[in-house]
1. Just to be sure before I move on: is residue 30 in contact with a helix residue (DSSP H, G or I) (Cβ under 9 Å, 6 or more places away or on another chain), farther than 23 Å from residue 61 by Cα and small (Gly, Ala, Ser) in the structure I sent?
2. So which residues in region 26-38 are in contact (Cβ under 8 Å) with a residue 40 or more places away in the chain and open to solvent by less than 70 Å² (accessible area, probe 1.4 Å)?
3. Which residues, taken from region 69-84, are of a type outside the set (A, V, I, L, M, F, W, C) and buried (at least 20 other Cβ atoms within 10 Å of the Cβ)?
4. Might you check whether a residue that is polar (S, T, N, Q), in a helix (DSSP H, G or I) and open to solvent by less than 70 Å² (accessible area, probe 1.4 Å) occurs anywhere in region 50-62?
5. Since residue 66 meets every condition but one in (1) aliphatic (A, V, I, L, M); (2) at pLDDT below 95; (3) open to solvent by less than 50 Å² (accessible area, probe 1.4 Å), which condition does it not meet?
Amino acid sequence: MIQKIALIASIMLPLWNIPLIVRIIKRRSSKDLSIPWALGVWFCFLAMFPAGIQSPDVVYKTFTYINFFFFTLVMVFTVLFHKQ
């Protein structure tokens, strides 16, 4: 039961990036986010990615794939819509 709850949470948690992505696209701006923050977080996820995909833990592996995908979108849209 605990594994099922954790698996559901590992899928749901990264989905909270979607409202941020939508807000950036609607406003056509990511001025409230810093590029160093977005890139720093993304590079940390990138460094953790190999360990996550090799993990025997299905919860951690699922979270790794989904979170990396959605935060990559956050990072891309932050960079694309950042106004100097």
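The values are calculated or read from the model by the stated rules, or taken from the named source; none is laboratory data. Only a predicted model underlies this, so the values are computations on that prediction, with no experimental measurement involved. Because the Cβ atoms are built from the backbone with ideal geometry, glycine has one as well, and the counts that use them run over all protein chains shown. Only protein heavy atoms, including side chains, enter the accessible area calculation; ligands, DNA and RNA are left aside. Shrake-Rupley method; radii C 1.70, N 1.55, O 1.52, S 1.80 Å.
1. Yes: the conditions hold for residue 30.
2. Scanning region 26-38 gives 29, 30, 33, 35, 38.
3. From region 69-84, those of a type outside the set (A, V, I, L, M, F, W, C) are 72, 78, 82-84; that's our starting set.
Listed by number, the list holds a single entry, 78.
4. First, pick out the residues of region 50-62 that are polar (S, T, N, Q): 54-55, 62.
Now restrict to residues that are in a helix (DSSP H, G or I): 54, 62.
Now restrict to residues that are open to solvent by less than 70 Å² (accessible area, probe 1.4 Å): 62.
Among the residues of region 50-62, at least one is polar (S, T, N, Q), in a helix (DSSP H, G or I) and open to solvent by less than 70 Å² (accessible area, probe 1.4 Å), which makes the answer yes.
5. Failed condition: (2).
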